[in-house]
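Here the structure is laid out as structure tokens; the discussion comes afterwards.
The values are calculated or read from the model by the stated rules, or taken from the named source; none is laboratory data. Note that the structure is predicted; figures quoted are calculated from it, not measured. Note that we place each Cβ from the backbone using ideal geometry, even for glycine, and neighbour counts take in every protein chain shown.
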Amino acid sequence: MTIKTSTAVYQGTGLRFAARTGSGHEIVLDDGQGNAGPRPVEMLLVGQAGCTGMDVMSILLKKRVAVTRYEVSVSAEQRDGQPAIFTSADVVHVVEGPSIDESAVRRAIELSATKYCSVAAMLSAGTVEIHHRYRILGPDGAAPIEGEVLVTGPHANPDAMGQQTQPTGLTG
């Protein structure tokens, strides 16, 4: 078992904290009034985008897919009232290249969503229904290809997710 750590130290102004990760990186967290950094709940979405983005790019690189631009965006619906939890999220992968294989993109997203992305597994195990989508942009003038790969959560069992998915040797 691995233990991950982070520490947040109050900065003496409003609700501003300096957070330090176990790997030694620092980030300022703040509320809307101070606005010196992201809100803590926004960091969950950053984590989702980064985690799935690293998975998908790693898989596409291993498949030798020529990607010229790749972007992951995450938007989530947060309920009114406290605690203001996320209830649904859309993860959209925009992949651009001269000849992107749609099936490779779909498979990479599926593997990330069901097997490798720890953040997606945690959010899906809780209250969040996550829609995993893609948009493929090809050469100038070509119509974009769009689709939804799958929906995970809410209350998904992270140990059962991806049991039918074959591993590709990714870690993390």
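Per the conditions (1) touching a Gly at 6+ places or on another chain (Cβ under 8 Å); (2) aliphatic (A, V, I, L, M); (3) part of a loop (DSSP other than H, G, I, E, B); (4) surrounded by 14 or more Cβ atoms within 10 Å (Cβ to Cβ), the sole criterion not satisfied by residue 66 is (4). On the stretch given as region 79-101, residues that are small (Gly, Ala, Ser) and exposed (fewer than 15 other Cβ atoms within 10 Å of the Cβ) total 3. Of the residues 110, 102, the single one that is charged (D, E, K, R), under 15 Å from the mean Cα position of the chain (by Cα) and within 17 Å of residue 133 (Cβ to Cβ) is 110. Taking the conditions exactly as written (in the same structural domain as residue 47 (by TED's automatic domain parsing), charged (D, E, K, R), touching a Gly at 6+ places or on another chain (Cβ under 8 Å) and at pLDDT 95 or above), does residue 106 satisfy them or not? When the stated conditions are applied, residue 106 passes them. Take the residues in region 130-154 that are out of contact with any His (no Cβ under 9 Å at 6 or more places or on another chain) and of a type in the set (Asp, Glu); name whichever of them is nearest to residue 44 (Cα to Cα). Top of the filtered list is 146. Residues in region 86-100 that are among the aliphatic types (A, V, I, L, M) and part of a strand (DSSP E or B): 89, 91, 92, 94, 95. Here the condition is being among the aliphatic types (A, V, I, L, M), under 22 Å from residue 144 (Cα atoms) and surrounded by 15 or more Cβ atoms within 10 Å (Cβ to Cβ); of 104, 76, it holds for 104 alone.
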